[in-house]
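Data block below; observations after.
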Amino acid sequence: MKIPVIEVFGPTIQGEGMVIGRKTMFVRTAGCDYSCSWCDSKFTWDGTEKHHIQMMEAEEIMQDLREKGADQFGHVTISGGNPGLLPQIDQLIDILHDHDLEVALETQGSRWQTWFTKIDDLTLSPKPPSSGMKTNYQTLDFIIDSLKQKQRGKCSLKVVIFNEDDLGYAENIHQRYPDVSLYLQVGNDEITMDNDQALSLYLLQKYEELIDQVMVSTILKDVRVLPQLHTFLWGNKRGV
Ligand SMILES: C[S@@+](CC[C@H](N)C(=O)[O-])C[C@H]1O[C@@H](n2cnc3c(N)ncnc32)[C@H](O)[C@@H]1O
Ligand SMILES: Nc1nc2[nH]cc(C(=O)O)c2c(=O)[nH]1
Ligand code: SF4
Ligand SMILES: [Mg+2]
């Protein structure tokens with residue numbers, strides 16, 4: 001079965017979460033079951049780029065990765081949209097592994113796929129109140145439980161923070177899943193700003209504010225606090 005792909009890019013650095021800084025290629029799938037108010041990738045689901053969606057066989061995606069990244073990469077990140085909507089990603093992972101490539105996944109944890117167990121670096125990013133979305137804890141419990149029993153690689157949680165309610169949500173997530181490493185990420189509420197320098201300064205200030213808040217939390221002890229590294233470097237630019 002073909003995979004709806006909206007962009008393939010890289011090599012670049014992973015700008016977020018558990019493998020931040022790692023050289024990687026990106027495959028971004030189209031379609032999401034959420035509609036987060038602050039989503040920085042709305043083009044994957046809001047219909048504005050539906051003509052750019054390509055239905056691709058897993059082998060064609062592999063070819064595209066080689067055309068763009070030649071033999072210069074050893075890691076591929078699958079993001080979206082929500083790739084977790086697509087059972088057919090299974091074949092893509094097998095092909096990537098056959099090419100000795102490690103595979104990362106970005107998903108919000110609203111849907112389970114059996115192929116999650118084959119992922120090397122799996123990021124679950126449940127959405128805090130500011131997103132306007134509601135977490136289905138039954139599904140998230142099931143995913144985390146299933147991964148604990150049988151996963152090839154590592155799993156982490158990443159919560160984007162925009163306000164104090166979001167921080168409270170992250171505390172709750174950390175208490176519910178204390179054994180899963182937790183990353184807090186600065187929320188970018190200026191997703192249309194095109195002045196890169198002003199954006200970097202603004203987000204740096206947000207980063208410092210978030211650090212200050214986390215330092216005084218009695219619950220968030222074993223956590224990592226990160227910015228989106230790619231926005232510091234390249235602003236709101238696409239495909240980097
Ligand atoms: C675009 S999403 C795609 C994967 C999946 N739908 C998800 O949300 O995890 C990739 C990551 O970007 C984060 N993200 C989206 N918009 C953001 C924003 N405005 N500021 C900071 N992080 C954002 C998401 O929370 C997620 O961790
Ligand atoms: N460099 C870079 N790092 C990223 N980490 C997560 C991304 C995403 O949109 O899923 C992303 C992205 O779009 N670019
Ligand atoms: S779940 Fe991810 S892709 Fe979907 S709307 Fe939220 S941030 Fe965007
Ligand atoms: Mg992004």
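The values are calculated or read from the model by the stated rules, or taken from the named source; none is laboratory data. Here the structure is a predicted model, which means the values were calculated and not measured. Cβ: placed from backbone, ideal geometry, glycine included. Neighbour counts: every protein chain shown. Each accessible area value is taken on the protein alone, full model and side chains, heavy atoms only, with ligands, DNA and RNA left out. Shrake-Rupley method; radii C 1.70, N 1.55, O 1.52, S 1.80 Å.
Out of Lys127, Lys118, which single residue is away from ligand 2 (no atom under 15 Å from the Cβ), within 17 Å of the chain's Cα centre (by Cα), within 17 Å of Ile144 (Cα to Cα) and open to solvent by 20 Å² or more (accessible area, probe 1.4 Å)? Spell out how you get there, then give the answer.
On the way: Lys127 fails: away from ligand 2 (no atom under 15 Å from the Cβ).
When all the criteria are applied, what remains is Lys118.
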Pick from the range 153-177 the residues that are exposed (fewer than 14 other Cβ atoms within 10 Å of the Cβ) and in contact (Cβ under 8 Å) with a residue 40 or more places away in the chain: which of them is nearest to Val216 (Cα to Cα)? Glu164
Hey, Asp90 hits all of (1) within 16 Å of ligand 1 (Cβ to nearest atom); (2) under 18 Å from Gly31 (Cα atoms) but one; which does it fall short on? (1)
Scope the range 196-240; condition touching a Leu at 6+ places or on another chain (Cβ under 9 Å), away from ligand 3 (no atom under 16 Å from the Cβ) and among the polar types (S, T, N, Q); matching residues: Ser200, Gln213, Ser217
Looking at the range 210-232, which of its residues are crowded, with 18+ Cβ neighbours inside 10 Å and hydroxyl-bearing (Ser, Thr, Tyr)? Thr231
Identify all residues within the range 78-94 that are more than 16 Å from ligand 3 (Cβ to nearest atom) and either outside any helix (DSSP H, G or I) or within 10 Å of the chain's Cα centre (by Cα) (or both); write none if there are none. Pro87, Gln88
Evaluate the following for Asp46: is it assigned to a loop (DSSP other than H, G, I, E, B), within 15 Å of ligand 3 (Cβ to nearest atom) and closer than 19 Å to Leu105 by Cβ? no
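Mind checking whether some residue in the range 22-39 is open to solvent by 70 Å² or more (accessible area, probe 1.4 Å), over 21 Å from Leu233 (Cα atoms) and not hydrophobic (A, V, I, L, M, F, W, C)?
No, the conditions are met nowhere in the range 22-39.
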